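The values are calculated or read from the model by the stated rules, or taken from the named source; none is laboratory data. Worth saying up front: this structure is predicted, and the values here are computed from it rather than measured. When we count neighbours, we look across all protein chains shown, and the Cβ atoms used for this are built from the backbone with ideal geometry, even at glycine.
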Amino acid sequence: MLKRKFSTIFVAITLIMIMTAPVFGDNITSVKNEITTTESSAVNYVPQSGENVGNGKVILTQEDINGNEKKSREVGNYLEQKNKTSKNSTRLLKGYYSSTSLNYDHVLSPEAQSTDTWCGPAACLNAIDTRSYHSVGQNTNLTQFVINSFLNPGGGLQLNGTYLTSNWTTTLDKFAPGNNYEIKRRASSVNYTDWQLDVLNSIIYTIDKGYPVVVDTEQMPTIDFIDPVYRDRYNSNGNKPIYHYVTVIGYRYTGPDPLCKYGGYQLIYMDSAGYHNGVYETDYRRIGNTTIRMGIMW
């Protein structure tokens with residue numbers, strides 16, 4: 001009798017939690033050496049498959065900032081040298097003016113997320129499995145449940161999604177070692193076009209090293225959508241912003257671009273959303289636009 005009563009209470013509490021799951025804003029506030037966020041007022045909203053409703057909370061320590069600056073300098077030197085080499089060579093190297101995609105298991109990947117708000121663990125696992133398959137020819141035996149335990153040490157279903165914290169870099173470095181993953185956020189002094197190019201350069205650099213990049217997107221009409229399916233989703237779901245992680249595994253050169261001296265690119269990404277699970281392409285600007293207030297793991 002007590003067991004049945006406890007179960008009834010537990011179910012009731014769970015339903016209340018689900019029905020009051022909040023959508024958080026992304027109002028960025030700088031505090032000394034950290035970048036934090038404040039949360040907007042909550043609204044009643046039940047997350048749907050493929051959405052990360054609690055996205056937006058980011059904390060970067062001074063160590064994170066220093067690591068990003070160091071890595072960004074490496075990117076600049078690497079890409080400039082690669083561009084010079086390409087111009088002076090009869091063969092086009094991978095990098096600018098070409099295309100590269102990481103190898104992945106076309107049967108097992110990409111995984112669809114296990115719960116409505118687990119796009120974070122799914123995107124992280126897709127990155128780890130892609131790195132594993134690209135380097136040794138097979139996926140890992142990890143599961144989204146295991147990855148969630150590292151990204152969200154508190155456990156549970158994560159009704160508000162997975163926040164962008166140092167747990168990401170720790171998890172990726174543990175299971176996809178060698179890249180020294182960093183969280184990159186747009187500084188307030190960086191304009192949108194420069195951010196788009198910064199994201200593109202960071203992705204090219206990381207993909208060339210053999211590692212995927214996880215991007216944290218915020219999608220709505222005033223920002224952008226990475227695919228028309230998300231605009232449809234926005235329109236059919238009360239015009240609510242969509243927060244969603246996807247995993248970039250490659251890039252494809254598309255020709256001259258007036259806004260990018262090295263040309264235009266399509267980015268190849270894995271999507272875990274239940275209504276959009278698969279591998280797709282999108283313009284690099286769309287990834288840049290939708291990560292402007294969020295960030296990337298590279």
*Given the structure, is THR217 buried (at least 20 other Cβ atoms within 10 Å of the Cβ) and either in contact (Cβ under 8 Å) with a residue 24 or more places away in the chain or assigned to a loop (DSSP other than H, G, I, E, B) (or both)?*
yes
_Can you find, within region 253-297, the residue that is farthest from GLN113 (Cα to Cα) among those that are of a type in the set (S, T, N, Q) and part of a strand (DSSP E or B)?_
THR254
*Return yes or no: is GLY210 in a loop (DSSP other than H, G, I, E, B) and touching a residue at least 24 places away in the same chain (Cβ under 8 Å)?*
yes
*Hey, ALA127 hits all of (1) within 27 Å of PRO256 (Cα to Cα); (2) assigned to a helix (DSSP H, G or I); (3) at pLDDT 95 or above but one; which does it fall short on?*
(1)
*State which residue is modelled with the highest pLDDT when the search covers only region 244-267 and only residues that are closer than 18 Å to ASP224 by Cα and surrounded by fewer than 23 Cβ atoms within 10 Å (Cβ to Cβ).*
GLN266
*Among residues belonging to region 77-124 that are farther than 19 Å from GLY210 by Cβ and among the charged types (D, E, K, R), point out the one that is modelled with the highest pLDDT.*
GLU111
*Identify, please: which residue in region 223-241 is modelled with pLDDT under 95 and not in a helix (DSSP H, G or I) and is, among those, surrounded by the most Cβ atoms within 10 Å (Cβ to Cβ)?*
PRO241
*So which residues in region 163-175 are at pLDDT 90 or above and either touching a Cys at 6+ places or on another chain (Cβ under 9 Å) or polar (S, T, N, Q) (or both), if there are any at all?*
ASN167, TRP168, THR169, THR170, THR171, LEU172, PHE175
